[in-house]
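K.L.:
My questions will all concern the structure given below.
The values are calculated or read from the model by the stated rules, or taken from the named source; none is laboratory data. Please read these numbers as outputs of a predicted model, since none were measured by experiment. Glycine gets a Cβ as well: all are built from the backbone with ideal geometry, and neighbour counts include every protein chain shown. In case anyone asks, the SASA skips ligands and DNA or RNA and just uses the protein heavy atoms, side chains included. Shrake-Rupley method; radii C 1.70, N 1.55, O 1.52, S 1.80 Å.
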Amino acid sequence: QVQLVESGGGLVQAGGSLRLSCARSGRTFDSYAMGWFRQAPGREREFVAAISSAGGSILYSDSVKGRFIISRDNAKNRVYLQMNSLKPEDTARYYCSARPGSVVTAASSYEYWGQGTQVTVSS
């Protein structure tokens, strides 16, 4: 059984920081690219960041570039999203995802998904 479980969400004031964590279990994801997506009510799921299997290739959406940092620790089977300088428009449910191969931004290309963790940024 493959599982991705997100944690670390919560309520934070604008300008604050949160660190999301995604724990992987059921199989090794060392050869998989990992991504973070988010979805706000009434909106489509949106790409946030992705990291290649060895961490050498990273992509960010323009809306989070310079504020968010994605990283991974394959020994701990975890991927992280450090979110700084949070804005109210960052409010959404954040999802961890995995796909074999290279980093891409299309949600449809990701094979495995977690249940998400809610991030709410107050103004």
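K.L.:
Answer with yes or no whether Leu11 is within 23 Å of Ser123 (Cα to Cα) and either open to solvent by 50 Å² or more (accessible area, probe 1.4 Å) or part of a loop (DSSP other than H, G, I, E, B) (or both). Reasoning before the result, please.
P.N.:
Values: within 23 Å of Ser123 (Cα to Cα): yes; either open to solvent by 50 Å² or more (accessible area, probe 1.4 Å) or part of a loop (DSSP other than H, G, I, E, B) (or both): yes.
Taking the combined requirement at face value, the residue satisfies it.
Condition check ((1) in a loop (DSSP other than H, G, I, E, B); (2) touching a strand residue (DSSP E or B) at 6+ places or on another chain (Cβ under 8 Å); (3) under 19 Å from Ser21 (Cα atoms)) across all residues:
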{"residue": "Glu44", "(1), (2), (3)": "yes, no, no"}
{"residue": "Phe47", "(1), (2), (3)": "no, yes, yes"}
{"residue": "Ala54", "(1), (2), (3)": "yes, no, yes"}
{"residue": "Ile69", "(1), (2), (3)": "no, yes, yes"}
{"residue": "Arg72", "(1), (2), (3)": "no, yes, yes"}
{"residue": "Gln82", "(1), (2), (3)": "no, yes, yes"}
{"residue": "Leu86", "(1), (2), (3)": "yes, yes, yes"}
{"residue": "Ser97", "(1), (2), (3)": "no, yes, yes"}
{"residue": "Val103", "(1), (2), (3)": "yes, yes, yes"}
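K.L.:
Please go through (1) assigned to a helix (DSSP H, G or I); (2) acidic (Asp, Glu); (3) at pLDDT below 95 for Asp30 and return the number of the only condition it doesn't satisfy.
P.N.:
Only one criterion is unmet by Asp30, namely (1).
K.L.:
I need every pair where a residue in region 30-58 that is more than 17 Å from Thr117 (Cβ to Cβ) has its Cβ under 9 Å from the Cβ of a residue that is part of a loop (DSSP other than H, G, I, E, B) and among the charged types (D, E, K, R), sequence separation at least 6 or different chains.
P.N.:
Tyr32/Glu111; Ser53/Asp30; Ala54/Asp30
K.L.:
Is it the case that Gly16 is touching a strand residue (DSSP E or B) at 6+ places or on another chain (Cβ under 9 Å) and exposed (fewer than 14 other Cβ atoms within 10 Å of the Cβ)? Full working, then the answer.
P.N.:
On the way: touching a strand residue (DSSP E or B) at 6+ places or on another chain (Cβ under 9 Å): yes; exposed (fewer than 14 other Cβ atoms within 10 Å of the Cβ): no.
No: the conditions fail for Gly16.
K.L.:
Between Ala33, Ala92, Ala98, which is open to solvent by less than 20 Å² (accessible area, probe 1.4 Å) and either more than 14 Å from the chain's Cα centre (by Cα) or within 29 Å of Ser123 (Cβ to Cβ) (or both)? I'd like the intermediate steps shown before the answer.
P.N.:
Values: Ala33 fails: either more than 14 Å from the chain's Cα centre (by Cα) or within 29 Å of Ser123 (Cβ to Cβ) (or both); Ala98 fails: either more than 14 Å from the chain's Cα centre (by Cα) or within 29 Å of Ser123 (Cβ to Cβ) (or both).
Only one candidate passes the filter, namely Ala92.
K.L.:
Checking the condition of a type in the set (Lys, Arg), under 15 Å from the mean Cα position of the chain (by Cα) and over 14 Å from Ser97 (Cα atoms), which residue from Arg38, Arg24, Arg45, Arg19 passes? Step through it out loud before you land on a result.
P.N.:
Numbers: Arg38 fails: over 14 Å from Ser97 (Cα atoms); Arg24 fails: over 14 Å from Ser97 (Cα atoms); Arg45 fails: over 14 Å from Ser97 (Cα atoms).
Just one listed residue meets the conditions, Arg19.
K.L.:
For region 104-118, check the following and say yes or no: at least one residue is without any contact (Cβ under 8 Å) to a residue 40 or more places away in the chain, open to solvent by less than 60 Å² (accessible area, probe 1.4 Å), over 12 Å from Tyr32 (Cα atoms) and under 10 Å from the mean Cα position of the chain (by Cα).
P.N.:
No, region 104-118 contains no residue that is without any contact (Cβ under 8 Å) to a residue 40 or more places away in the chain, open to solvent by less than 60 Å² (accessible area, probe 1.4 Å), over 12 Å from Tyr32 (Cα atoms) and under 10 Å from the mean Cα position of the chain (by Cα).
K.L.:
Here is a further query. With the structure loaded, tell me whether Ser63 is without any contact (Cβ under 8 Å) to a residue 60 or more places away in the chain, among the hydroxyl-bearing types (Ser, Thr, Tyr), open to solvent by 50 Å² or more (accessible area, probe 1.4 Å) and assigned to a helix (DSSP H, G or I) or whether it fails that test. Steps first, answer last, please.
P.N.:
Numbers: without any contact (Cβ under 8 Å) to a residue 60 or more places away in the chain: yes; among the hydroxyl-bearing types (Ser, Thr, Tyr): yes; open to solvent by 50 Å² or more (accessible area, probe 1.4 Å): yes; assigned to a helix (DSSP H, G or I): no.
Criteria not met by Ser63.
K.L.:
Kindly establish whether Val5 is surrounded by fewer than 17 Cβ atoms within 10 Å (Cβ to Cβ), out of contact with any Pro (no Cβ under 9 Å at 6 or more places or on another chain), touching a residue at least 40 places away in the same chain (Cβ under 8 Å) and part of a loop (DSSP other than H, G, I, E, B). Give the steps one after another, and end with the answer.
P.N.:
Details: surrounded by fewer than 17 Cβ atoms within 10 Å (Cβ to Cβ): yes; out of contact with any Pro (no Cβ under 9 Å at 6 or more places or on another chain): yes; touching a residue at least 40 places away in the same chain (Cβ under 8 Å): yes; part of a loop (DSSP other than H, G, I, E, B): no.
Answer is no for this residue.
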